1. When you scan the stretch B:27-69, how many residues do you find that are assigned to a loop (DSSP other than H, G, I, E, B), among the small types (G, A, S), over 17 Å from B:I220 (Cα atoms) and at the interface with another protein chain (Cβ under 8 Å from one of its Cβ atoms)?
2. Kindly indicate the residue of the stretch B:170-199 that is surrounded by fewer than 17 Cβ atoms within 10 Å (Cβ to Cβ) and within 20 Å of the chain's Cα centre (by Cα) and also nearest to the other protein chains (Cβ to nearest Cβ) among those meeting that condition.
3. Is it the case, given these coordinates, that B:D202 is under 30 Å from A:D66 (Cβ atoms), over 27 Å from the mean Cα position of the chain (by Cα), in a loop (DSSP other than H, G, I, E, B) and more than 11 Å from chain A (Cβ to nearest Cβ)?
4. Among the residues that make up the stretch B:230-239, is at least one of them facing another protein chain (nearest Cβ under 8 Å) and not acidic (D, E)?
5. Inspect all residues belonging to the stretch A:81-93 and state whether any of them is at the interface with chain B (Cβ under 8 Å from one of its Cβ atoms) and out of contact with any helix residue (DSSP H, G or I) (no Cβ under 9 Å at 6 or more places or on another chain).
6. Going by the structure shown, is B:Y262 under 17 Å from the mean Cα position of the chain (by Cα), of a type in the set (F, W, Y) and in the same structural domain as B:A331 (by TED's automatic domain parsing)?
7. Test of understanding: among B:L79, B:L38, which residue is farther than 22 Å from A:V287 by Cβ, assigned by TED's automatic domain parsing to the domain that holds B:A148, free of Cβ contacts under 8 Å to residues at least 40 places away in the same chain and over 16 Å from the mean Cα position of the chain (by Cα)?
8. Exactly one of (1) within 14 Å of another protein chain (Cβ to nearest Cβ); (2) within 25 Å of A:Y158 (Cβ to Cβ); (3) touching a strand residue (DSSP E or B) at 6+ places or on another chain (Cβ under 9 Å) is unmet by A:G119. Its number?
Amino acid sequence: MSDHILSVHDVDVNEGQVPREDWFEASSTLQHLRKNKKFPTIWCSGCGLGVVMGSLIRAMESLGLDNDNVALVAGIGCTARMPVYMDYNTLHTTHGRALAFATGLKIARPDMKVIAIMGDGDALAIGGNHFIHAARRNIGITALVVNNAIYGMTGGQYSPTTPEGMRATTAPYGNVEPPFPVCDLAMAAGASYVARSTVYHPLELDKYLAQAISNEGFSLVEAVSYCHTTYGRINKLGAASDMMMSLKENSISKSAYDKLSDDDREFNTKIVRGVLQTKKRPEYTKVYGTLVDKIHDEAIKPRNYGGH
Amino acid sequence: MQGNEAIAMGALAAGCRFYAGYPITPSTEVAEVMSRELPKVGGKFIQMEDEIASMAAIIGGRVGGLKSMTATSGPGFSLMQENIGYAAMAEVPCVVVNVQRLGPSTGQPTASSQGDVMQARWGTHGDHQIIVLSPISVAQSFEMAVKAFNLSEKYRTPVILLTDEIIGHMREPIELPDFDTVEKYEHVVTDSPAEYKAFRNDRGDVPPMANFGTGYRYHITGLYHDEVGFPTQRLDEIDPWLERVTRKIENADDILLYQTDYEAGARTAILSYGATARTARHAMKQMRAKGEKVNLFTAQTLWPFPEKAVEELADSVDKIIVPEMNLGQLALEVERIVGRKKVVRVNLANGEMITPDMIVKAAEA
């Protein structure tokens, strides 16, 4: 790390931990990032998105996936900028439509691992319809929803996951709408794998993402994050580190949650981290692919529409 | 066979192997035929949750390597505009069929119209180029579907096949060719993955497109992008791209399709397209039977508009009659080229068809 970078961040060289000389070459995770032109990221320093990106790479690496056989599809927003930095087949689409583009791509290439990367506004407001239908079909796509409860890129407007009473630039007197529980929505719509953790718990995210990507059908991983630049500032929640710590304090593992008394569970306000649903359901492209093969075979050779 | 069925057949003949759509009158037969026929040739069909998703899915399908199509009508076409712009920006080939019905809004689902001519050109936001084709018969519906796919691939652009309820639901005999003999445009990528630039500006106007999952790991975005697809705000990267994607369609002669039936010495011309072109031909026959000389120009490519050909026509006549089932849309373009004084509009936008008499009267007036 150069003195320049340290000085920009107001860190004394002697205080900063200087990484080893071969920090880039030594990190296998970094080898999956694009090496030309795309850095630094557009994310604010202190943002949780880098943690999620690291987890996603480690998850794919742990599965030994070939980067050529992975497609990362994203919509619009801070989260949706993630694929551009990553050395895979990357499709940055329109707001809310990542899962619809991903559906077409998965149908064309059922052999590929298709991962849709979305924020809460992207996945659940403008893209809510695509979200429930992708889950209903149980199409083999992993949906990674980074939930920071706000529209960050546009400057802090309330989203479908902003808690009631919290402020946003478009909720100056506090949000009056109840939020969507992301995982409950996916489970009800039929997702065959649903898990949640936070950016304070990257090792859990690594594990859940690997499981989600391995799952044949539609998977959801909700990565609870924060936006200290907008949501945190408006609601006086402190710096990025404070918000990161609150994810630790305000979350509970599923196993601990399950041990709570009925009353405690009912009044629990903490984020429950863990694998929340696994279901054996037939995957869409498998079912349809089998049908297509059967009809194709029956057609023996493609009909000659010349009709002589 | 119906016009809508012929479009589906043309798509299959051109190598379409993926269809995503949402039911809407009067286009639904296209989806029904595709859902039945695609599996027979190993292709895939999906009925999406709406037209926004349908348009997104066909772009995703094409990125994955399958030639793709959707079909819709007015309200659905409005919903598709966002991602039609994406396909133009990201240079992803795809074919969008719009079987026009009477609008605006829900309008009259079973009534014909030519009210989407301007929307087909300018429906999505921002400056962009697009190809819009319009058939006048069932046989042409087949031919134009093939053409739409080949132009879409060749120029890496969305192509709108703008037909209407009359042509779509009309039945005519048609002799289909052996699909294997139908010409199909295919992309050939010769560069290695390390050298490959999906959007390069310096080697022809249309860089070949690599499919995802074939070793070419690149970025596709709806943002302004550089030659390898990364977002950019640099003018020296934006300007050459903009020039190239404009030039690739503006300068291509093989996009401009039209038919002419000219008589030496004619001072009156009828310029039409789609279902109205059939009325126009009837009017021409009536006029010629009475000994009046008249030229007939049938536009098959509406956008880019065959400007030079219309200019030449205008040089030889005093009057160009432009009948259309709308309140005057393509007439605006004709007026722009030949001047308002020479153009006589004949319009009907209530779901009824224009009659030959209306055109003959306009010629006599």
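1. First, pick out the residues of the stretch B:27-69 that are assigned to a loop (DSSP other than H, G, I, E, B): B:27, B:42-43, B:48-50, B:64-67.
Of the ones still in play, those that are also among the small types (G, A, S) are B:27, B:42-43, B:64-65.
This time we only want the ones that are over 17 Å from B:I220 (Cα atoms), so: B:27, B:42-43.
After this cut, where a residue has to be at the interface with another protein chain (Cβ under 8 Å from one of its Cβ atoms) as well, the list is B:42-43.
Matching residues across the stretch B:27-69 total 2.
2. My answer is B:K184.
3. Details: under 30 Å from A:D66 (Cβ atoms): no; over 27 Å from the mean Cα position of the chain (by Cα): yes; in a loop (DSSP other than H, G, I, E, B): yes; more than 11 Å from chain A (Cβ to nearest Cβ): yes.
Judged against the criteria, B:D202 is not a match.
4. Looking through the stretch B:230-239, at least one residue is facing another protein chain (nearest Cβ under 8 Å) and not acidic (D, E).
5. Among the residues of the stretch A:81-93, at least one is at the interface with chain B (Cβ under 8 Å from one of its Cβ atoms) and out of contact with any helix residue (DSSP H, G or I) (no Cβ under 9 Å at 6 or more places or on another chain), which makes the answer yes.
6. Working: under 17 Å from the mean Cα position of the chain (by Cα): no; of a type in the set (F, W, Y): yes; in the same structural domain as B:A331 (by TED's automatic domain parsing): yes.
Considered against the rule, which asks whether it is under 17 Å from the mean Cα position of the chain (by Cα), of a type in the set (F, W, Y) and in the same structural domain as B:A331 (by TED's automatic domain parsing), B:Y262 comes out as no.
7. The unique qualifying residue is B:L79.
8. The one condition A:G119 does not meet is (1).
The values are calculated or read from the model by the stated rules, or taken from the named source; none is laboratory data. As the structure is a computational prediction, the values presented were derived from the model and not from experiment. Ideal geometry is used to build each Cβ from the backbone, glycine not excepted, and the neighbour counts take in all protein chains shown.
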